[in-house]
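Worksheet: one structure, shown below.
Every number in this text was worked out from the coordinates using simple rules, so none of it is lab data. No experiment lies behind these values; they were computed from the predicted model shown. Don't worry about glycine lacking a Cβ; one is built from the backbone with ideal geometry, like all the others, and counts go over all protein chains shown.
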Amino acid sequence: MSAFLATVRRDLLLALRRKSEVLTAVFFFVIVTSLFPLGIGPEPVLLKKIAPGILWVAALLATLLGLPRLFAADHGDGTLEQMALSPSPLGLLVAGKILAHWLLCGLPLVLLAPVLGLQFDLDASALGILTLALLLGTPLLSLIGAIGAALTLGVRGGGVLLALLVLPLYIPALIFGAGAVEAHIAGLEVGGHLSLLAAMLVLAAFFAPWATTAALRIALE
Amino acid sequence: MRQSLIHWFKYGSPQSFYPLAGRMIPWFWAAAALFGIAGLWISFFVAPTDAQQGEGYRIIFVHVPASWMSMFIYLVMAFWAGLGLALNTRVSAMMAQALAPTGALMAALSLLTGAFWGKPMWGTWWVWDARLTSELILFFLYLGFMALQAAIDDPRRADKAGAILALVGVVNIPIIYFSVKWWNTLHQGSTINLTKAPSMAQTMLWGMLLMALAFWMYSIAVALMRVRAIILERERHTEWVKHAVE
């Protein structure tokens, strides 16, 4: 467990030394969501209707933007090989890296989403549901994305390839995440959506570090 | 038991699988042609004209088998990929690699024929129905698998990375399917209900089954031909390939 926490602390510390990388993804999220009203028009009714989808798709893309960094630097300088050789299980260290990635790339999106939701005229309770859905959904995105990041590690055209691999797998998270907010706006029950998101999160939290570790071992061979 | 195990593992080596595949290919082509001719004959001349859809429904005889095969091939591909990952048999991974283009072709064919069918029947090329959407996502999964394999130069790494992706995809397919299905029922966007199958004449069903068998045999034949090409490409440095090509 201490190895897990140490990995989280190390990755957070490294990221804080190079703040611009983390901030880029966050600003990307802000800019993309602000582009949609400019492209579609300032009609509040329409914007309110498409807001959950836009915020979720933008969150998906912003998470994707940060994924290649997850293992690339450690792979480049050989840290990853030392991790694979270390006495603590690699899966645990990988889980720590994924958690750190979520804290850096996912959590800022969760915190920013209510502010951006105001741009789209969402009311307070809808903003609450949006935040809750993103809180459950963004760790899921980091977990699934880690598998893709490990598979494309050091591969030609890795970034684009990563998008091709990971985005189809993100679809269930998008459906239930955006669906929860839409259902709330439509006056329906949102418990089902959130429960399914949470169920997928539990499933991914169990399997994704394991699959990521297997993919990393292949990349390190 | 011991002997049968040895027998099966024997064909796990490219050298002994190559001639076996070569011997099987003509049979599967013949079966594909036979089932195809019978299926086409039934679907064009025997199956009655549909009361509601007229003659246009006959595209079902291509559309449904292609959809079935696209889903089935992904499962088979994941099976071979998993086997290759677990037992480290090279031919298994090559089978998975050989199946992917055929699976993608079937998914594309299913989407294309679906569009051709949808236009006269519903007046639109595309609806965001659960089945259409999940077929599209399946197509994306095939593309991802092929792109990953193509991007990695080392074939052994490409095999293993592809295998993990195929297995992750197989776990996700039911999740994606149900999420798309529930998304669709929540939105109630289209009034077309594809899930309620109309009662089908017996001959139509036969035509469809024969066509599905033809597609199945075709897929096996093509995958075996492709796996032979892959074996030659990867084993080009070995002595037996030089003899085989001569």
(message) Testing the spin-label approximation: label points 7 Å from Cα along Cα→Cβ at residue A:20 and residue A:195. State their distance in nm.
(response) 4.8
(request) Mind checking the full-extension length gain between residue B:87 and residue B:72? Use 0.36 nm per residue of separation minus the Cα-Cα distance, one decimal, nm. (result) 3.2 nm
(message) Compute the angle between helix B:130-151 and the longest alpha-carbon principal axis of chain B, please, reported from 0 to 90 degrees and rounded to the nearest 10.
(response) 20
(request) Only Lys, Arg, Asp and Glu count, each charged at its Cβ (+1, +1, -1, -1), so figure out the dipole size of the range B:40-189 about its Cα centre, rounded to 20 debye. (result) 200
(request) Could you grab the Rg to Rh ratio for the range A:42-96? Cα atoms only, Kirkwood for Rh. (result) 1.34
(request) Could you line up B:43, B:70, B:16 from fewest to most neighbouring Cβ atoms inside 10 Å? (result) B:16, B:43, B:70
(request) Work out the length of the dipole vector of chain A about its Cα centre, built from +1 on the beta-carbon of each Lys and Arg and -1 on the beta-carbon of each Asp and Glu, and round it to the nearest 20 debye. (result) 420
(request) Return the distance in nm (one decimal) between the two label points of a simple spin-label model at residue A:46 and residue A:118, each offset 7 Å from Cα along Cα→Cβ. (result) 2.5
(request) In debye, nearest 20, what is the charge dipole magnitude of the range A:17-123 about its Cα centre with +1 on Lys and Arg Cβ and -1 on Asp and Glu Cβ, if you could check? (result) 100
(request) Distance check, please: which entries in B:10/B:160; B:160/B:181; A:49/B:181 exceed 25 angstrom between their Cα atoms? (result) B:160/B:181
(request) Please name whichever of A:105, A:56, A:131 sits farthest to the positive end of the charge dipole of the range A:2-220, dipole taken about the Cα centre and charges placed at Cβ: Lys and Arg +1, Asp and Glu -1. (result) A:105
(request) Assuming a ≥ b ≥ c are the square roots of the Cα gyration tensor eigenvalues, decide whether the protein assembly as shown counts as rounded (a/c under 1.5), prolate (otherwise, with a/b larger than b/c) or oblate. (result) oblate
(message) Taking 22 Å as R0, compute the FRET efficiency from the Cβ-Cβ separation of residue B:209 and residue B:112 and round it to 0.05.
(response) 0.50
(message) Please return the longest range in chain B lying between exposed loop sites, taking chymotrypsin sites (Phe, Trp or Tyr not before Pro), DSSP loop only, at most 16 other beta-carbon atoms within 10 Å, and leaving the sites out.
(response) B:129-246
(request) Note down the relative contact order for chain A as a percent, whole number, built from C-alpha pairs under 8 angstrom at least six residues apart. (result) 27
(message) Please compute the length gained on full extension between residue B:11 and residue B:236, using 0.36 nm multiplied by the number of residues separating them and subtracting their Cα-Cα distance.
(response) 79.2 nm
(request) Rounded to the nearest Å, what's the spacing between the alpha carbon centres of the range A:56-116 and the range A:161-221? Just the number, please. (result) 15
(request) Counting helices only, and only those DSSP H runs with n ≥ 4, report the 222 nm mean residue ellipticity of chain B as the sum of -39,500 (n - 2.57) divided by its residues, in deg cm²/dmol to the nearest 500. (result) -27500 deg cm²/dmol
(message) If I take R0 = 22 Å and measure r between the Cβ atoms of residue B:121 and residue B:46 in this structure, what FRET efficiency does the formula 1/(1 + (r/R0)^6) give, to the nearest 0.05?
(response) 0.50
(request) Compare the Cα positions of A:89, A:67, A:192 along the charge dipole of the range A:2-220 (+1 at Cβ of Lys, Arg; -1 at Cβ of Asp, Glu; about the Cα centre) and return the one farthest towards the positive end. (result) A:89
(message) Can you work out the Karplus-derived ³J(HN,Hα) for every residue in the range A:70-79? Use 6.51 cos²θ - 1.76 cosθ + 1.60 with θ = phi - 60°, whole Hz, and x for glycine or proline.
(response) 3, 10, 4, 5, 5, 6, x, 9, x, 4
(message) Take residue A:221 and residue A:73, extend 7 Å from each Cα along the Cα→Cβ direction, and tell me the distance between the two endpoints in nm.
(response) 2.9
